[in-house]
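What follows is a single structure, written as structure tokens, with notes after it.
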Amino acid sequence: MTSDRNRGLTTDSRCRQLPAGALLLAAVLLLSMFGACGRRAPLPAAPQVSPADFPPQEGIASWYGDEFHGRPTAAGDIYDMHALTAAHRELPLGSRVRVTNLENRKTVEVEVNDRGPFVRGRIIDLSYGAARRIEMVNEGTALVRIDLLSLPRAMTDRLYRVQLGAFTVPERARDLARRAAAMTENQVDIVSGPCGRRRCYRVQTGRFATRDDAEALRQRLERKGCEGFVVIADQ
């Protein structure tokens with residue numbers, strides 16, 4: 001089962017501490033990006049998307065169950081561990097996918113209604129009910145293939161971002177945001193949302209129409225000592 005920490009609710013980050021001068025510059029950058037009244041820069045136009053834009057994925061799946069049962073998901077509905085749902089980093093909320101356990105060829109169709117997993121090397125978090133369908137509950141993880149079946153009807157565009165960390169303590173998120181702002185000219189945001197019964201603060205930067213542009217930013221930040229991964233911004 002995936003723990004809170006595995007789902008990205010960390011209390012640390014992979015961005016190295018910067019000198020005080022750099023932190024002061026970061027504060028100035030954050031102020032300039034938001035403005036005195038908290039206004040944000042206009043977003044770039046995002047492209048049209050289709051299922052063909054999301055090729056099949058293969059990787060490690062995990063699952064989560066009663067620890068999150070009855071709590072809100074990223075989509076705003078209540079997590080039912082027995083329903084056929086899943087958490088994914090990038091696929092639009094409301095997408096339907098087929099998950100195949102490559103170790104026994106069992107398949108299940110699920111709806112993406114949550115974000116995760118935030119563990120390096122894992123590509124999807126299944127509900128307990130979905131994990132039972134493909135017989136991976138006892139093992140905890142399995143090698144799977146994900147095929148996108150459909151996008152939500154309202155899904156017309158998307159933007160890629162780089163996520164640097166997620167916290168349940170807002171001060172930790174603000175500290176990471178200050179350090180990250182000194183490493184990039186891109187706007188650094190703290191995006192809050194429900195994480196079970198708590199609130200989660202995700203540090204994200206960049207808004208790109210293509211994954212390649214977001215990946216290029218991720219690599220630049222990694223070279224500076226700040227690790228992250230590419231996500232699709234919830235619209």
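Evaluated at 20 °C with a viscosity of 1.002 mPa s, what Stokes-Einstein diffusion coefficient in µm²/s does the range 97-188 have when Rh comes from the Kirkwood expression over alpha-carbon pairs? Walk me through the numbers on the way to the answer.
On the way: Rh = 16.1 Å.
Translational D for this selection: 133 µm²/s.
Whole-Hz ³J(HN,Hα) for each residue in the range 166-175, computed from phi via Karplus 6.51 cos²θ - 1.76 cosθ + 1.60 with θ = phi - 60°, x for glycine and proline: what do you get?
3J(HN,Hα) across the range 166-175, in whole Hz: 9, 9, 9, 10, x, 4, 5, 5, 5, 5.
So between residue 103 and residue 199, what do we pick up on full extension, going 0.36 nm a residue minus the alpha carbon distance? Walk me through the numbers before you get to the answer.
Details: separation 96, 0.36 × 96 = 34.56 nm, distance 3.60 nm.
Difference between extended and current length: 31.0 nm.
Taking H as built 1.01 Å from N, whose amide H comes closer than 5 Å to the amide H of residue 227, not counting residues under 5 places away?
Those lying under 5 Å, H to H, from residue 227 are 14, 15.
Quick note: the coordinates plus some simple rules give every number you see, no bench work behind them. This is a predicted model, so every value here is computed, not measured.
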